[in-house]
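Read-outs throughout are calculated quantities, based only on the coordinates presented, and are distinct from any laboratory measurement. A quick note: this is a predicted structure, and the numbers were derived from the prediction, not measured. Glycine also receives a Cβ, built like all others from the backbone with ideal geometry; neighbour counts cover every protein chain displayed.
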Amino acid sequence: MGYGASFKLIDMRSVLNSLVVVLLGVVVASGFSIPPAPAAAGECVVDDDPPRYYRIDLVPTRSIPRVRAATGFGDMLYQPSPFGVSVGENGNYQYRLKVAFSNLPVFDGKEFVVWLTTPDLATVTRVGAIGDDGTVEGRVSWNKFLVVVSLEDEGQSDATRWNGPVGYRGMSRSGLMHTMAGHGPFQQEPCATFGYQ
């Protein structure tokens, strides 16, 4: 290796060293920070502020007067578990559903009750009556489900299905998904084959 080759090697090293220094300067100047360490093994951190994507908008119906003035939604929250994911006996994920309303109308001797049901309305579960703070929380282990908020007589906690008028309704995000059968290029395939009407 002659003098010229050695000079080129030294020159290339100084260029690379300068480039590294400049890149480090840019990273530091941009406010780069090292992310926090992940949770320790066995430690599960539950975020009670879920992404907007998991929010279920509760749409008012015209069955009850003054319900259109209120706004409501249901947030899907993870059920705490020592294993990171909570599953039920049948293997389905378990979630917490927190329903919250603002400006909910008040009717004497009545209360708004939140129900969960499968899309075919075959199975219904009572979550509970909406409290004075406008919220109620329950558990759900269905993938696709509907949220129904009805106006019921106070103290009917043993009811297995709503009897009063439905004031609000909503659908889980997965319930919004639908097969393309019967639509567009798949028009020849009937939806009923895949469980849809």
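Observations on the model:
- Residue order, fewest to most surrounding Cβ atoms within 10 angstrom, among ARG173, ARG52, ARG96: ARG52, ARG173, ARG96
- Contour minus Cα-Cα distance for ASN143 and ASN17 (0.36 nm per residue): 39.9 nm
- Ranked by the mean number of other Cβ atoms within 10 Å of their residues, highest first, the peptides 129-135, 62-68 fall in the order 62-68, 129-135.
- Net charge of Cβ neighbours under 14 Å - reference GLY155; Lys, Arg +1; Asp, Glu -1: -4
- 3J(HN,Hα) couplings calculated from phi for the range 146-151 with the Karplus curve 6.51 cos²θ - 1.76 cosθ + 1.60 (θ = phi - 60°) are, in sequence order, 10, 10, 10, 10, 10, 9 Hz; Gly and Pro show x.
- Inter-label distance, nm, simple model (7 Å from Cα along the C-beta direction), SER174/THR123: 1.2 nm
- Residue exposure sequence - ASP75, ASP108 - by fewest surrounding Cβ within 10 Å: ASP108, ASP75
- Those residues of the range 87-118 whose amide nitrogen sits under 11 Å from the label point placed on ARG161, 7 Å along Cα→Cβ: none
- Cβ-based net charge around VAL59, under 13 Å, with every Lys or Arg adding one and every Asp or Glu removing one: +3
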